[in-house]
Amino acid sequence: MTYQPRGLTFDQFQVGAVFVCQARTVTEADTVNFAGLSGDFNPLHTDQEFGKTTAFEGRIAHGVLALAIATGQANQLGIFEGTTIALMTQFVKYTGAVKFGDTIHLELKVAEKKESSKKDRGIVTFDTAVLNQQGKSVIEGQWVLMMKRVSQ
């Protein structure tokens with residue numbers, strides 16, 4: 001038996017469709033591990049006493065960590081599995097802080113579809129929002145993906 005992709009193809013995405021991902025709580029351990037992995041030991045993420053002197057009144061998670069979690073959430077949906085050719089661009093705007101214990105989830109909205117010069121693929125643009133447990137945006141942006149098409 002061979003692998004059967006479960007992702008959606010270019011043809012199956014409909015402009016205006018919204019996909020909501022499973023939520024995940026961001027922990028102190030996530031932030032500590034990400035600091036070690038990335039080498040980003042900015043005191044805003046690693047020094048509680050420093051964090052207390054900021055507008056956040058304590059440490060916060062790395063914005064890029066929240067973005068990485070969001071890309072994982074998108075993958076867990078299954079809509080991109082085996083049908084994505086390339087993630088072409090990600091435009092990212094950080095709109096809020098993620099604190100330890102916040103629960104975040106990604107929402108993707110199909111904003112645009114473009115035909116490609118190659119018949120086996122197309123370009124899908126998604127408006128993205130990472131929201132916390134209060135429904136407040138912490139990241140907004142746009143992802144542009146090249147997706148497989150159904151054989152023509």
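Where a number appears in this text, it was derived from the coordinates with a stated rule and is not lab data. Computed from a predicted model, the values in this text were never measured in an experiment. Heads up, the Cβs are rebuilt from the backbone with ideal geometry, glycines too, and the neighbour counts pull from every protein chain shown.
In this structure, residue 50 does satisfy being among the hydrophobic types (A, V, I, L, M, F, W, C), farther than 18 Å from residue 148 by Cα, surrounded by 13 or more Cβ atoms within 10 Å (Cβ to Cβ) and touching a Pro at 6+ places or on another chain (Cβ under 9 Å). Quick test for you: out of 69, 139, 123, pick the one residue that is among the β-branched types (Val, Ile, Thr) and more than 26 Å from residue 28 (Cα to Cα). The conditions single out 123.
If you check 104, 60 for being over 17 Å from the mean Cα position of the chain (by Cα), surrounded by 15 or more Cβ atoms within 10 Å (Cβ to Cβ), under 18 Å from residue 131 (Cβ atoms) and in contact (Cβ under 8 Å) with a residue 24 or more places away in the chain, only one passes: 60.
Screening residue 56 on (1) of a type outside the set (D, E, K, R); (2) outside any strand (DSSP E or B); (3) farther than 19 Å from residue 136 by Cα shows it passes everything except condition (3). Could you tell me which residue of the range 14-41 is surrounded by the most Cβ atoms within 10 Å (Cβ to Cβ), considering only residues that are touching a residue at least 60 places away in the same chain (Cβ under 8 Å) and among the aliphatic types (A, V, I, L, M)? Ranking the candidates gives 26 first. Suppose we keep only residues that are buried (at least 17 other Cβ atoms within 10 Å of the Cβ) and in contact with a helix residue (DSSP H, G or I) (Cβ under 7 Å, 6 or more places away or on another chain) within the range 129-152. Which one would you say is farthest from residue 12 (Cα to Cα)? Within the range 129-152, the match that is farthest from residue 12 (Cα to Cα) is 138.
Mind listing just one residue for me: the one in the range 1-47 that is over 27 Å from residue 126 (Cβ atoms), part of a helix (DSSP H, G or I) and of a type in the set (S, T, N, Q) and, of those, farthest from the chain's Cα centre (by Cα)? The qualifying residue farthest from the chain's Cα centre (by Cα) is 46.
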